[in-house]
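In what follows, a structure is listed as structure tokens, so that the remarks can point back to it.
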Amino acid sequence: MTNDARSGPRCVALTGASGFLGREVVARLWQSGIEVLGITRKITQGLPFVPVVYDLTDGGQPVPPMPGARCSALIHIAGHYPGSTLAPSLLHEQGTAQVVQLAHQWRIEKIIYVSAQGAGMTAPSSFQQTKWTAEEIISHSGLPYTIVRPHLIVGPGSTSMTWLNTHGRVPSVPVRPVHVADVAETIIRALWLSRTEGRRYELAGPQMVRLTDLTPKNGTFSRFKRKISEVQLEQLGITAVRGGFVDGSWISDFGLLPRSILPAKALSASY
Ligand SMILES: NC(=O)c1ccc[n+]([C@@H]2O[C@H](COP(=O)([O-])OP(=O)(O)OC[C@H]3O[C@@H](n4cnc5c(N)ncnc54)[C@H](OP(=O)(O)O)[C@@H]3O)[C@@H](O)[C@H]2O)c1
């Protein structure tokens, strides 16, 4: 890679830089003095990255030239978001193919891809199936890569939690939420850690909680008559965790102890 003395990239390109997770990653890179190019559909004032306007679902657009600094790594975060009317395949499959094309044209040397819990060819939702196809596109790109599959990401400004809290009563299903700060830290460490190359990591938080534990106990949403279904959750990339084994290689390979989301006393009596 085009590295500095600490063997890390001096400039990183990001898709999804303006989103919930992207902002956390950008802030950390910026604080470390690393330049960020943010690939976005529109320019948002006040965010600490150089914007590159490029819609990943517009297949007719030529790849824009890389402005200014030479970025040696690319973090592909953009993903289908709650409430979008577009099919998940458009951004996950066509969009990821465009990201790979851009990576080759920009002579990127490493890609980190943010997939989702439950990504799989025969997964229950089109969201998870198309995330799996995107993983395959990345893994066949010919570039060194690391893929992370976060469970429900929580923290201030969570798009998924905001959607859930405004679209119905959430079901009381077990989940293993992961904090946005831990996901962002993992992505950044993956830029440096060559042992994570070619690997896919499940990012699940240390606590099994009920989705209802994460939503406020009063407020307008509690008056919703309609309950959000598990199928709707799967379309957001959230699958109920009913027992089973969570691969711990994330913790050992990244040397990171993920934080608890809730104090123990706030958990449902069943845990
Ligand atoms: N949040 C969760 O609980 C969760 C859980 C598991 C996995 N994930 C995955 O993590 C990633 C980030 O999630 P998030 O919650 O941070 O998402 P988010 O807040 O909804 O942000 C989505 C980002 O995608 C970008 N984007 C959307 N369509 C685009 C397009 N056509 N071209 C270019 N950029 C486009 C948006 O950029 P502009 O608006 O600037 O164009 C925005 O920055 C996603 O891939 C998501 O599937 C999230």
Taking the stretch 116-156, which residues are more than 24 Å from LEU74 (Cβ to Cβ), assigned to a helix (DSSP H, G or I) and touching a Lys or Arg at 6+ places or on another chain (Cβ under 9 Å)? none
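Look at ALA73 and say whether it is near the ligand (Cβ under 9 Å from one of its atoms), touching a strand residue (DSSP E or B) at 6+ places or on another chain (Cβ under 6 Å) and of a type outside the set (Ser, Thr, Tyr).
So ALA73 does not fit the description; no.
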Looking at the stretch 23-40, I want the residues that are among the charged types (D, E, K, R) and have a partner that is within 16 Å of the ligand (Cβ to nearest atom) and assigned to a strand (DSSP E or B) with Cβ atoms under 8 Å, at least 6 apart or on another chain. Which pairs are those? GLU35/VAL12; GLU35/VAL50
Filter result (touching a His at 6+ places or on another chain (Cβ under 7 Å) and within 11 Å of the ligand (Cβ to nearest atom)) within the stretch 120-142: PHE127, THR130, LYS131, ALA134
When only residues in the stretch 143-157 that are over 18 Å from ASP213 (Cβ atoms) and away from the ligand (no atom under 11 Å from the Cβ) count, which is nearest to the chain's Cα centre (by Cα)? ILE147
Quick one: which of SER115, SER160 is at pLDDT 95 or above, near the ligand (Cβ under 9 Å from one of its atoms) and closer than 17 Å to PRO82 by Cα? SER115
Go through the stretch 187-212 residue by residue and tally those that are away from the ligand (no atom under 12 Å from the Cβ) and either under 14 Å from the mean Cα position of the chain (by Cα) or part of a helix (DSSP H, G or I) (or both). 11
Among all residue pairs at least 6 apart or on different chains, which show Cβ distances below 7 Å where the first residue, located in the stretch 56-72, is among the β-branched types (Val, Ile, Thr) and the second is outside any loop (DSSP other than H, G, I, E, B) and within 12 Å of the ligand (Cβ to nearest atom)? THR57/LEU90; THR57/LEU91; THR57/GLN94; THR57/GLY95; VAL63/LEU102
Taking the stretch 157-180 as the region of interest, how many residues are crowded, with 17+ Cβ neighbours inside 10 Å and assigned to a helix (DSSP H, G or I)? 5
Tell me, yes or no, whether the stretch 6-17 has at least one residue that is among the charged types (D, E, K, R), more than 27 Å from GLU234 (Cα to Cα) and modelled with pLDDT of 95 or more. no
Options LEU102, LEU90; residue that is surrounded by 15 or more Cβ atoms within 10 Å (Cβ to Cβ) and touching a strand residue (DSSP E or B) at 6+ places or on another chain (Cβ under 9 Å): LEU102
Return a yes/no flag: does the stretch 43-56 have any residue that is under 24 Å from TRP163 (Cβ atoms), within 10 Å of the ligand (Cβ to nearest atom), of a type in the set (Ser, Thr, Tyr) and buried (at least 16 other Cβ atoms within 10 Å of the Cβ). no
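The values are calculated or read from the model by the stated rules, or taken from the named source; none is laboratory data. Bear in mind the structure is a predicted one, so any value in this text is a computation, not a measurement. Ideal geometry is used to build each Cβ from the backbone, glycine not excepted, and the neighbour counts take in all protein chains shown.
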